[in-house]
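Here the structure is laid out as structure tokens; the discussion comes afterwards.
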Amino acid sequence: MLLYRTHPTSKNTSSIINLRNKEELIRNLREGINHRDTEVDDITALVTDASVVDAMISLGNYENILVLPSPITQERLRNKTYNPIGNAGDMLFPIIHKLTGGKGNVYVGLPESGHLYKKVWEDYDVDILPMKNWFTLDRKIGVETDMVFDAVVLIGCNHSSKTGSFKVEDIKDNLKSVSHWGTDLIDINREGSKRDIIGKKEDLSSKIDILSNNINSTKNLCDPDYGLSIEQFRELFGRTEDNSFEPYKLKTSYHYSNLCHRNVAKIKEFYKVYNDRKLEDLLKLTGVSWQVMEEMAAKYYKP
């Protein structure tokens with residue numbers, strides 16, 4: 001969102017964030033996050049990850065979205081090449097969602113212990129839902145709400161009591177107090193080696209194409225399959241007349257490489273949506289709503 005002009009806010013809409021709002025966002029995050037990594041380039045790196053995640057979620061056209069983050073305890077938020085560490089950037093996506101006018105209402109489930117980003121979430125009027133503890137894949141959710149969400153977003157959640165593989169059915173069972181049969185489970189996990197979720201995944205190709213078209217709306221920046229476009233690569237890494245690199249472009253090259261290569265070209269590695277579209281299609285054909293289906297199930301199905 002900081003590195004490109006047009007940001008998708010739903011399946012059929014986009015927004016343009018002007019320079020003044022971008023500068024205000026950077027200033028607010030620098031002041032609101034109590035951490036060593038809050039220089040302009042640090043915030044740019046974090047917001048880049050958050051913007052890609054927000055775009056993908058907005059393209060899902062959800063109405064109510066529950067975000068279950070992880071605590072941030074590491075010493076650094078980004079590495080030497082300005083790639084955010086783990087999900088440090090992704091967890092800022094509710095702020096991008098608010099700023100850009102993304103489709104759907106976003107709620108963050110948070111224990112009493114708080115979070116590094118709690119202040120900036122609240123600064124942007126992101127709704128915080130009290131939780132008894134951090135959500136883990138192997139434990140039922142303990143959140144204080146009567147709401148039912150059509151998307152539940154797991155960001156990290158690598159602190160379960162066990163590692164390895166988890167069945168999506170079991171995780172959804174742990175979330176059944178806040179979800180219905182058609183709720184999408186969105187798993188954003190950049191440390192995939194620690195655990196994995198097994199289940200039917202949505203094909204993200206069309207959403208990635210829409211995101212790429214938005215990023216490239218005014219300038220050819222990104223190839224969705226390979227990362228940086230040839231034109232952008234030449235602009236960032238082109239030689240000067242004396243055959244040397246221009247030092248001022250170094251951090252810029254890190255940021256665009258993060259956007260195009262680490263994020264867009266590799267979305268399917270860290271961003272996964274679990275759902276069962278066959279059941280949803282059947283309900284559309286019959287005209288039956290999720291609410292009616294659940295009422296029928298509660299009335300006639302006895303486990």
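The values are calculated or read from the model by the stated rules, or taken from the named source; none is laboratory data. What you are looking at is a predicted structure, and each value in this text was computed from that prediction instead of being measured. Here the Cβ is made from the backbone with ideal geometry for all residues, glycine too, and neighbour counts use every protein chain on show.
Some notes on this structure:
- Cβ pairs under 8 Å, 6+ apart, first in segment 117-142 and farther than 22 Å from LYS103 by Cβ and assigned by TED's automatic domain parsing to the domain that holds LYS176, second assigned to a helix (DSSP H, G or I) and among the small types (Gly, Ala, Ser): LYS119/GLY32; LYS140/SER177; ILE141/SER177
- Looking across LEU204, LEU185, one residue alone is among the aliphatic types (A, V, I, L, M), surrounded by fewer than 19 Cβ atoms within 10 Å (Cβ to Cβ) and modelled with pLDDT of 95 or more. It is LEU204.
Condition check ((1) of a type in the set (A, V, I, L, M); (2) part of a loop (DSSP other than H, G, I, E, B); (3) touching an Asp or Glu at 6+ places or on another chain (Cβ under 7 Å)) across all residues:
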position: MET1; (1), (2), (3): yes, yes, no
position: ARG30; (1), (2), (3): no, no, no
position: ASP42; (1), (2), (3): no, no, no
position: VAL53; (1), (2), (3): yes, no, yes
position: GLY60; (1), (2), (3): no, yes, yes
position: SER70; (1), (2), (3): no, yes, no
position: ARG76; (1), (2), (3): no, yes, yes
position: TYR82; (1), (2), (3): no, yes, yes
position: LYS98; (1), (2), (3): no, no, yes
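- The residue that is nearest to ASN28 (Cα to Cα), among those in segment 100-129 that are of a type in the set (A, V, I, L, M) and outside any strand (DSSP E or B), is VAL120.
- Within segment 113-151, considering residues that are closer than 20 Å to ILE33 by Cβ and of a type in the set (Asp, Glu), the one surrounded by the fewest Cβ atoms within 10 Å (Cβ to Cβ): ASP125
- Counting residues in segment 228-251 that are more than 14 Å from ASN83 (Cβ to Cβ), crowded, with 20+ Cβ neighbours inside 10 Å, of a type outside the set (Gly, Ala, Ser) and at pLDDT 90 or above gives one or more.
- Subset of segment 174-201 (residues that are more than 23 Å from ALA50 (Cβ to Cβ) and touching a helix residue (DSSP H, G or I) at 6+ places or on another chain (Cβ under 9 Å)): SER179, HIS180, TRP181, GLY182, ILE198, GLY199, LYS200
- For segment 56-83, a residue qualifies if it is touching a residue at least 60 places away in the same chain (Cβ under 8 Å) and over 18 Å from ASP125 (Cβ atoms), and the qualifying residues are MET56, LEU59, GLY60, TYR62, LEU68, SER70, PRO71, THR81, TYR82, ASN83.
- Qualifying residue in segment 285-301 (condition: among the basic types (Lys, Arg), modelled with pLDDT under 90 and farther than 30 Å from ASN189 by Cβ): yes
- Of the strands (runs of 3 or more DSSP E) that lie entirely inside segment 161-227, those containing 1 or more residues that are small (Gly, Ala, Ser) and under 24 Å from VAL143 (Cβ atoms) span 179-188.
- Residue check, ASP41 surrounded by fewer than 17 Cβ atoms within 10 Å (Cβ to Cβ), modelled with pLDDT of 95 or more and not hydrophobic (A, V, I, L, M, F, W, C): yes
- Hey, SER14 over 27 Å from LYS249 (Cβ atoms), surrounded by fewer than 24 Cβ atoms within 10 Å (Cβ to Cβ) and either modelled with pLDDT of 95 or more or basic (Lys, Arg) (or both) or not: yes
- Of all residues in segment 98-107, one or more are in contact (Cβ under 8 Å) with a residue 12 or more places away in the chain, closer than 30 Å to ASN12 by Cα and among the polar types (S, T, N, Q).
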